[in-house]
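Here the structure comes first, spelled out in C-alpha cells, and everything after it is commentary.
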Amino acid sequence: MIARHRRGFTLIEVLASLAVAVLLIIPIARMITGTAGAFAGLERSTERRVGMQAAMAVAMTLNPLRTGRSVIGDFTVIVERYRFERDAALTTAGWQLYSVTVRRTDGSDGDVTQTVRLGKLQ
C-alpha cells in the first residue's frame, strides 16, 4: 500500500493554536482597557485643572478686595476677612488678609478653589 499525504491540520492542532491565541489576546485586551481607563482619568483631571485655572483667574480679577459676594461669569466669588494671630500688625500697616472662595454659579462642584489674598484696607 502506498501512504497518502494528508493536507491540513488535525483537530488537536487547531485547538492548541486557538488556546495559544486566547492566552495572548487576554493580556493585550487588558492592556488596552487599562490604557483607555487611564486616558479617561487624564481627561477628567485636565478638565478639573482648566476649571481651577479659570476660577483662580476670576479670584485674581477682584481689585480692590471687599468682603461680600460677587458673580463673575460662571463663578460666584465669596470674599471674607481672614483672621490669624498677626492680624493686628497687618491692620496697623494698612493691610488685610482676605479669604477668597470661588464656586461654580450652578453649584455643581461645590468650591472650585479657595485662596488667601492680601489687600489694602479701604
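Read-outs: derived from the displayed coordinates by stated rules, not from any lab. Here the structure is a predicted model, which is why all the values come from computation and not from measurement. Positions of Cβ are backbone-derived with ideal geometry, glycine not excepted, and every protein chain shown enters the neighbour counts.
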>> Please list 3J(HN,Hα) in residue order for region 22-32, calculated via the Karplus relation 6.51 cos²θ - 1.76 cosθ + 1.60 where θ = phi - 60°; whole Hz, with x for glycine and proline.
In response: 5, 5, 7, 6, 4, x, 5, 5, 5, 5, 5
> Taking the structure as given and computing P(r) over Cα pairs in 5 Å bins from 0, in percent, which label from (1) 2, 9, 12, 11, 9, 7, 6, 5, 4, 4, 4, 4, 4, 3, 3, 3, 2, 2, 1, 1, 1, 0, 0, 0; (2) 2, 12, 25, 28, 22, 10, 1, 0; (3) 2, 10, 18, 18, 17, 16, 12, 5, 2 fits?
Replying inline: (1)
>> Classify region 47-102 from the C-alpha gyration tensor, please: rounded if a/c falls under 1.5, else prolate or oblate depending on whether a/b exceeds b/c.
In response: prolate
> Given DSSP loops and a limit of at most 13 other Cβ atoms within 10 Å, what is the longest stretch of the chain that contains no such chymotrypsin sites (Phe, Trp or Tyr not before Pro)?
Replying inline: 10-83
> How many nm is it between the label spots at ILE72 and THR91, if each spot is 7 Å from the Cα in line with the beta carbon?
Replying inline: 2.6 nm
>> Which order do the peptides 30-37, 66-73 come out in when sorted by mean C-beta neighbours inside 10 angstrom, highest first?
In response: 66-73, 30-37
>> Which of ARG86, ARG7, ARG104 has the fewest other C-beta atoms within 10 Å, and how do the rest follow up to the most?
In response: ARG7, ARG86, ARG104
